[in-house]
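Below: one structure, written as structure tokens.
The values are calculated or read from the model by the stated rules, or taken from the named source; none is laboratory data. On a predicted model such as this, the values are computed, not experimentally measured, just so you know. Positions of Cβ are generated from backbone atoms using ideal geometry, with glycine treated the same way; all protein chains shown enter the neighbour counts.
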Amino acid sequence: MAFTVLWLQSGGCGGCSMSLLCGESPDLLTTLRGAGIELLWHPSLSERTGGEARDLFDDILCGRQALDALCIEGAMLRGPEGTGRFHVLAGTERPMIDWMRDLAAVARHVVAVGTCAAYGGVTAASPNILDACGLQFDGYYPGGALGADFRARGGLPVVNVAGCPTHPDWVTETLMLLAQGALDGDGLDAFGRPRFYADQLVHHGCTRNEFYEYKASALHPSEQGCMMEHMGCIGTQAHGDCNTRLWNGGGSCTRGGYACINCTAPEFEEPGHPFARTPKIAGIPVGLPTDMPKAWFVALSSLAKAATPDRLARNAVSDHQVVSPPCRTPKWR
Amino acid sequence: MSGMTEQGTTRLVVGPFNRVEGDLEVRLDIADGQVRAAQVNATLFRGIERILEGRDPMDALAIAPRICGICSVSQSHAVALALAGVMGIGPAANGQVATNLILATENLADHLTHFHLFFMPDFARADYEGRPWFARAHARFAAMRGTAARSILQTRALLLHVMGVLAGHWPHTLAIQPGGVSRGVGMQECARLGSILAGVRAALEENLFGTVLEEVAALADVAALETWRTQGPQGDFRLFLEIAADLELERSGRAYDRFLSYGAYPGGLAAGEEARLWPGGLFVDGGTRALEIAAVTEDHAVSHMDDHDHPHPPFAGSTIPRLRDGAAYSWCKAPRLSGLPYETGALARQLVAGQPLARDLVARGGGNVLSRVVARLVESARLLIAMEGWVRMLRPGAPWCHVQGAVPDGRAVGMTEAARGALGHWLRVEGGRIAGYQIIAPTTWNFSPRDGSGTPGPLERALVGAPVRPGERAPLSVQHIVRSFDPCMACTVH
């Protein structure tokens, strides 16, 4: 029996689907086929349109078609004034949030794909005239469109594959684990994210780690130094395996020369400061690495700065390496 | 859903309309086996313009790309251009070339996605069983099962490795900056970019075109296209031409034949020159005209928006959503240039750029399903050839990004091209904050609702006369026409 998936989009950009199509080794369709996953309907991929698609939704609601996973991409729009009419599913005159609630009630698992579906994301950014929220979170607060107590038929709360966008593998691996019955409540973190990627930090594997160690910092875009001190990077606190799994054949935000903006977290869209500028008090970044006592950070940073090798100090503010690591012949030769 | 309206006219509502980006509903009034009138309804409102207001101007670089997952880089580029306009700076030379490569990668990936995954699968529907080409179309393009789907996903993923090298990832990069790009690369990475593009070229030449890109780029007129259809190299392009001739797609989906391009890829025509690869302008009545951007307005007459009593220039525009009864039917506004609707996209770009086949196709049959799709494929070939040249123009060691100071007060419009057409961001900065941000996306032009004078948008016009066979719930002719525009509804309702 195939593991069946229905994918619907609401208040979002569709970027998680576009990212999903970037899946490699093998391509997305081969991955799904190999895992016994059948996409009953996906807005970008399926043949069925209009009434043909509506028939499928009816079959699912009536129990004629089993649904193993309902994947929702995009935030749920509750406005205006609680009507949900900021998104009426085309061809149905019915708000998407109502469709989602009915389908979630019959699905074995409910998967929020992307930060919008998980927590509201950019779609819920201030002033949030849409009254947008996630499936089971409203920013940091449990609740959202389905309520904090919601459990899908399979027993799990909404699985939040957060990210803006999501890495294709985060989505396919989540679906594969669900299909194998290998994802249980212990496999999710406090924000409902699968721990297989969310228990990593973006800092892990960052190519700027040596600059970080010595607080050799970049001041402007294209410079090679650490982006934590000045340029808004919060990779030391952000959950995600971006710098070990890598994107589009080898990239990541920090490898692309710009800050990690913590896009897998609730409310990342409201950092409280410009995204690409680090907020500081008395010259010390307000947001410190996860788990690190502030006094230690200040002490270590001062020491590290004092000890910064000239190579790192100069390379940090250049867009290419101007000083190479020295080649030394060991003394015993 | 359907229902009878006046005098034998049937109302048909088609939705959810998939294999377009975002949610779309099309309402059709049908009589005598033809569409008599159409209303295009964007059923989702996003409100990104309102989210941008009041923020630090540089934050638009993080927020605005998230308007759209398929035009993300185009949105990002429009932000960077608007900010650069306010700041009075331009990109470093390497930054310019890298930005062109990043934007072209997205445009090309979108064209390939559109043709293989969104547009062609309709010809593999059982409705066409019995056509001479059906077995081949089905084998190649059946949704999710055809051989083309898997192979194009691999090619697309390979192409998007350009983003892994130059832009961190796709979608939603912060690499494009007002002063250039955030990522400088070395000679080794330039070599890597070359090999990625070589891989994409090989795949397209093998499967899509059946021959070298240069032969596609050189297609000069409809006679040459006819020869390709009957004697050309075997490939998906020729298969499409065969289908198009059989179904007379050149007679389907004609709108107003007024075309708009903002132009793209500055410095992209030749090294050391400032000219754009695709120049901006209008194409009307068989010739090009200068574009006067100040003549652009948006009309909310039938949009669920306040301020619907008169059209607004974007710098004075507003986005205050309000569900209205009566005539209003879409969240989409109605952009007009000098009061007229315009079509935008690859066909418009190639017309303004003077590509002879595009001009000949339009001289004979106007903008239609065939000419839009052919223009997209010809542009794909031309773009990939240009990209190979741009990789050779990168100069490791030279600057990638100029130093960017604070954003002063002022206003500017950032104009670029997404795969599906002209994209503009109208930015006003006051007191160091975004005071106004208005966006007109390509599908806002193409899928515009009616304006205050009752003039339908381009798609609404293009659907009139589309044949509807008895019992069709989602008429195939309508599906071909809608998808021929490669719509992005996420952008439309930003």
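For region A:74-87, which positions are within 9 Å of chain B (Cβ to nearest Cβ), buried (at least 24 other Cβ atoms within 10 Å of the Cβ) and either of a type in the set (D, E, K, R) or outside any loop (DSSP other than H, G, I, E, B) (or both)?
Of everything in region A:74-87, those that are within 9 Å of chain B (Cβ to nearest Cβ), buried (at least 24 other Cβ atoms within 10 Å of the Cβ) and either of a type in the set (D, E, K, R) or outside any loop (DSSP other than H, G, I, E, B) (or both) turn out to be A:Leu77, A:His87.
Among the candidates B:Gly199, B:Gly186, which residue alone is farther than 22 Å from B:Val374 by Cα, surrounded by fewer than 23 Cβ atoms within 10 Å (Cβ to Cβ), small (Gly, Ala, Ser) and more than 10 Å from chain A (Cβ to nearest Cβ)?
B:Gly199
Here is a list of conditions, (1) within 22 Å of B:Pro321 (Cβ to Cβ); (2) at the interface with chain A (Cβ under 9 Å from one of its Cβ atoms); (3) not in a loop (DSSP other than H, G, I, E, B), and B:Arg55 meets all of them except one; can you say which number that is?
(3)
Answer with yes or no whether A:Leu20 is under 18 Å from A:Glu173 (Cβ atoms), within 9 Å of another protein chain (Cβ to nearest Cβ) and modelled with pLDDT of 95 or more.
Judged against the criteria, A:Leu20 is not a match.
Which condition number does A:Ile281 fail, the rest of (1) closer than 26 Å to A:Leu21 by Cβ; (2) more than 7 Å from every other protein chain (Cβ to nearest Cβ) being met?
For A:Ile281, the failing item is (1).
Answer yes or no as to whether A:Arg33 is under 23 Å from A:Val161 (Cβ atoms) and outside any loop (DSSP other than H, G, I, E, B).
Spelling it out, A:Arg33 is indeed under 23 Å from A:Val161 (Cβ atoms) and outside any loop (DSSP other than H, G, I, E, B).
Please find, among B:Val13, B:Val35, the residue that is among the hydrophobic types (A, V, I, L, M, F, W, C), in contact with a Gly (Cβ under 9 Å, 6 or more places away or on another chain) and without any contact (Cβ under 8 Å) to a residue 60 or more places away in the chain.
Unique residue meeting the criteria: B:Val13.
Is at least one residue of region A:242-261 in the same structural domain as A:Lys280 (by TED's automatic domain parsing), aromatic (Phe, Trp, Tyr) and either under 20 Å from A:Glu210 (Cβ atoms) or in a loop (DSSP other than H, G, I, E, B) (or both)?
For region A:242-261, residues in the same structural domain as A:Lys280 (by TED's automatic domain parsing), aromatic (Phe, Trp, Tyr) and either under 20 Å from A:Glu210 (Cβ atoms) or in a loop (DSSP other than H, G, I, E, B) (or both): present.
Tell me which helices (runs of 4 or more DSSP H) are completely within region A:113-226 and hold 2 or more residues being surrounded by fewer than 24 Cβ atoms within 10 Å (Cβ to Cβ), or say none if there are none.
A:168-179, A:195-198, A:209-213
Looking at region B:6-32, which of its residues are of a type in the set (D, E, K, R), part of a strand (DSSP E or B) and more than 12 Å from chain A (Cβ to nearest Cβ)?
Passing the criteria: B:Arg11, B:Asp29.
Residues are listed down the side, and each one gets a yes or a no for (1) under 12 Å from A:Lys215 (Cβ atoms); (2) part of a loop (DSSP other than H, G, I, E, B):
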{"site": "A:Trp296", "(1), (2)": "no, no"}
{"site": "A:Leu300", "(1), (2)": "yes, no"}
{"site": "A:Lys305", "(1), (2)": "yes, no"}
{"site": "A:Arg314", "(1), (2)": "no, no"}
{"site": "A:His320", "(1), (2)": "no, yes"}
{"site": "A:Arg333", "(1), (2)": "no, yes"}
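Only one of these is within 10 Å of chain A (Cβ to nearest Cβ) and not small (Gly, Ala, Ser): B:Met87, B:Met163. Name it.
Of the residues listed, the single one that is within 10 Å of chain A (Cβ to nearest Cβ) and not small (Gly, Ala, Ser) is B:Met163.
Only one residue in A:Phe150, A:Phe137 is over 26 Å from B:Ile51 (Cβ atoms) and aromatic (Phe, Trp, Tyr), so which one is that?
Within the list A:Phe150, A:Phe137, the selection yields A:Phe150.
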